[in-house]
1. Any chance you could run the full-extension gain for residue B:145 through residue B:109? It's 0.36 nm times the residue separation minus the Cα-Cα distance, nm to one decimal.
2. Of the listed peptides A:93-104, B:111-122, A:43-54, what is their order by residue-averaged count of other C-beta atoms within 10 Å, with the highest listed first?
3. Once R0 is set to 22 Å, what does the formula 1/(1 + (r/R0)^6) return for the Cβ-Cβ distance between residue A:101 and residue A:122, expressed as a FRET efficiency to the nearest 0.05?
4. So what are the ³J(HN,Hα) numbers for the stretch A:60-75, from phi and the Karplus equation (6.51, -1.76, 1.60; θ = phi - 60°), rounded to whole Hz, Gly and Pro as x?
5. Over the whole of B:122-134, what's the average partner chain Cβ count within 10 Å per residue? Rounded to a whole number, please.
6. Which lysines, if any, have their Cα less than 25 Å from the Cα of residue B:58, not counting same-chain residues under 8 positions apart?
7. Defining a contact as two alpha carbons under 8 Å apart and six or more residues distant in sequence, what relative contact order in percent does the stretch B:35-178 show?
8. Would you mind giving the mean number of other chain beta-carbons within 10 Å of the Cβ of each residue in A:104-111, as a whole number?
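Derivation of every value follows stated rules applied to the coordinates shown; laboratory data play no part. Just so we're clear, the structure is a prediction, and the values are computed from it rather than from any experiment. Don't worry about glycine lacking a Cβ; one is built from the backbone with ideal geometry, like all the others, and counts go over all protein chains shown.
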Amino acid sequence: MGLIADVRGQGLEGLEHNFVTGRLESLVNWARARSCWPATFGLACCAIEMMATGAAHYDLARYGMEVFRASPRQADLMIVAGRVSQKMAPVLRQIYDQMMEPKWVISMGVCASSGGMFNNYAIVQGVDQVVPVDVYAPGCPPGPETLMHAIFTLHDKITTGEVLARRSARGAGAGLAVEQRDGQTAAAMVGRR
Amino acid sequence: MGYLNGFAVTLRQLFKPRVTTDYRGGRAKPGQPDAKRPKPERLHGRHVLNRYPDGMEKCIGCELCAGVCPAHCIYVRGADNDPAHPTAPGERYGYVYEINYLRCIHCDLCVEACPTQAITESKLFEFSFTNRDDAVYTKAELLVDDEGRPRKLAWEDWRDGDDEDTSGWMRATSPSGDRRYAGAVAWSGELGYGVRPPEPADDEPRTDGEQRADDELRADGEPRAADEPRADDEGGG
């Protein structure tokens, strides 16, 4: 009867696992993982593979992800597919900022992940310089199965709550900070930590 | 009534067989299907560092792969062999060998450049990372195990057949190569595993067997059946 005595003595903190909120969080995570609508952000040849993933042969609709939303307000996941040029980077960041929390980013393909073979002045060397990336999919381009593997990795991340851990550890956002008028700095991201 | 044509298309599709491959990334619950589509024979996937049958490493640390790589994703540092306990035959061996999979474009140029056929590419293409550091594969991850098979790392989704027909034999026996070298020691397959008879060069007369195989290929338009026995004992070192 240790359990009852602990609860009587310490209230809910006496429980080893706080099952009331624990269950709710996993329910929320479960719901988030299974309705993760991607924003369309196909920039190059990787987008062709992304379209193939959404089509009948791989059928992202099995995971509630078939609706690619053109409006960032309705999207949860940004799949950056293709090389990001220096001119495109601010646009990418704006789209990301316009997305509602919670939001995730998959960097699809080597060009988005690190610039790939385009190591030159025109291409951003890794999209994680602009937005926080959750999962990297390697390949040039990644096949539909590689993208799905990345998506499953992201699902694992969402359901285990690692996203929140990372956000709180790094102070939200890509580690970008803006100077405010009062002299303080703040993380350059819309939404709560 | 033109709009009914659209409904007719939907109705027709309803009764067709499903084309979806039930891929679940190795996370299927018991009873759930989890299939990959069959891969082409010449697909380029994750690299493998090979060994000789006696366990010696093939890599000699020459850095030709790093030099030829268009994406500069390979980092090699060679070191002198300890004469008493050599890691590789010859003077040098690959002391550090790293491939950054967030740069690699799987072009197979490293495989073509390698003089000892130390690096080949497997068919494994299903892997993803949650941070950049994981994407840099070190030598411990790339090197084959004692049986000559690639190491199946926890975050990769290996299936049967992904480590077959890795790209080493393709270079050694391709028509652009000189087939007189096929089967010689320097052109050995991976532990005698995955070796198949050489393809003829374009300008060479065909032997009877090859001619017959070509005729069969032309007759049914199908490549070789996967279960056809391979001459695994030919060639190799």
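1. Taking residue B:145 through residue B:109 to full extension adds about 10.6 nm, to one decimal.
2. In decreasing order of mean packing, A:93-104, B:111-122, A:43-54 become B:111-122, A:43-54, A:93-104.
3. 0.10
4. Those phi angles translate into 4, 4, 4, 10, x, 10, 6, 8, 7, 9, 6, 8, x, 5, 9, 10 Hz.
5. On the way: counts 0, 0, 0, 7, 11, 9, 18, 9, 11, 6, 7, 0, 1.
The mean count of partner-chain Cβ atoms within 10 Å per residue comes to 6.
6. Straight-line reach from residue B:58, under 25 Å: B:123, B:139, B:152.
7. Details: 254 pairs, mean separation 41.2, N = 144.
Relative contact order comes out at 29 percent.
8. Average per residue, whole number: 3.
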